[in-house]
Structures are given as C-alpha cells and as structure tokens.
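Read-outs throughout are calculated quantities, based only on the coordinates presented, and are distinct from any laboratory measurement. Predicted model, so just to flag it, every value in this text is computed and none were measured. Backbone-built Cβ (ideal geometry, glycine too); neighbour counts: all protein chains shown.
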Amino acid sequence: MTKEQLRNYQHIAREKAQIEDMLRDVEEAMTAPRAQALDGMPHSQTVQGSLVETLVARRDELVRRYQAKLDELATAMLEIETAIEALEPVERQLMRLRYIKGHTWEEICVELSYSWRQTHRLHAKALEKLA
C-alpha cells in the first residue's frame, strides 16, 4: 500500500457519497408524485405505455451502473482499511487520523500527544510496514 493509495481514501469516500446522493435522486424522481397533463386531447395508451417502459429501463440501467460503481469504491476503501488494520494500535490510529479522517499533522500530534518528530517517525515506520 503506497502513500498515494492511502491519500485516495478521502477522494473515494467523497465520490461514494456523491454517487449515493445521485442514486437517491434517481429513486426520488421515479417515485415522486406527478400532476397529470390535462390538455383535453386523447392519447394512445400504447404510446404512453412504451414511454413508461423506456423510462423504467433507463432508470434501471442507471441504478445498476451506480450500484456497480458503489461496489467498486467500497472495495477500494476496504483494501485501505484492511492494510491499516495490520499495523500496531498507535500506527493504526495515526494512519486513520491522517488518511481516513484527513487531519492535519498538527491535529494528529495533539491527538496522539506526540511531538512532530515522533509523529513523523511513526508515520514512516507505518508506511514501511505497508509497503
């Protein structure tokens, strides 16, 4: 596991949240009540039925694609979490604070009650173990 892969965790989490929002929007759009257009003109049932079928098929394809992307992102996040889990407790805490929660080095030093130098030593040691 490289430092770059660890850094990607934040981007992956944001993309996952964005896709979950988009999926929710699609679901809401398909289930939201709609006003019926009353234009006084007769409409063919077959045209209306095929339009609905087409819209439902498009929606299903979109949902499948979103679900596949969510699965892919969850797998990437799990790989990072699994790699971090193999570290010592303090190293795990440091790596989670830095790469999963996105804390600054100053915040990590305060949280762990370590000096800047010791924090970076721990970080380097953890990165060596992950490589």
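Relative contact order for the chain: what is it in percent, counting Cα pairs under 8 Å that are at least 6 residues apart?
40
Rounded to the nearest 10 degrees, what's the angle between the helix 3-31 long axis and the longest principal axis of the chain, both from Cα atoms, 0 to 90?
20
What residue among ILE19, LEU55, TYR99 has its Cα farthest toward the positive end of the dipole of the chain, where the charges are +1 on Lys, Arg and -1 on Asp, Glu, each on the Cβ?
TYR99
Where a Cα-Cα gap under 19 Å defines reach, which lysines qualify for LYS101, not counting those fewer than 8 residues away within the same chain?
Cα-Cα hits under 19 Å: LYS3, LYS16.
So how strong a dipole does the stretch 83-131 carry about its Cα centre when Lys and Arg Cβ are +1 and Asp and Glu Cβ are -1, to the nearest 20 debye?
80
Per-residue ellipticity at 222 nm for the chain, helices alone: DSSP H runs ≥ 4 residues times -39500 (n - 2.57), over residue total, nearest 500 deg cm²/dmol?
Mean residue ellipticity, 222 nm, calculated: -26500 deg cm²/dmol.
Percent relative contact order of the stretch 74-125, based on C-alpha pairs within less than 8 angstrom and at least six residues apart?
Result for the stretch 74-125 is 28 percent.
Of TYR114, TYR99, TYR66, which has the largest mean-square fluctuation in a 10 Å C-alpha GNM of the chain?
Highest fluctuation among the options: TYR114.
Can you give the charge dipole size of the chain about its Cα centre, rounded to the nearest 20 debye, using +1 on the beta carbon of Lys and Arg and -1 on the beta carbon of Asp and Glu?
Here the size comes out at about 460 debye.
Go ahead and set up a Gaussian network model of the chain, Cα springs under 10 Å, then flag whichever of LEU55, LEU23, LEU97 fluctuates most.
The residue with the greatest mean-square fluctuation here is LEU55.
For all pairs of alpha-carbon atoms in the chain, what percent lies in each bin of width 5 Å, listed from the first bin to the last filled one?
Calculated P(r), rounded to whole percents: 2, 9, 14, 14, 11, 9, 8, 7, 6, 5, 4, 4, 3, 2, 1, 0.
Whole-Hz Karplus ³J(HN,Hα) for the stretch 101-107, in order, using 6.51 cos²θ - 1.76 cosθ + 1.60 and θ = phi - 60°, x for Gly and Pro?
8, x, 6, 7, 4, 4, 5
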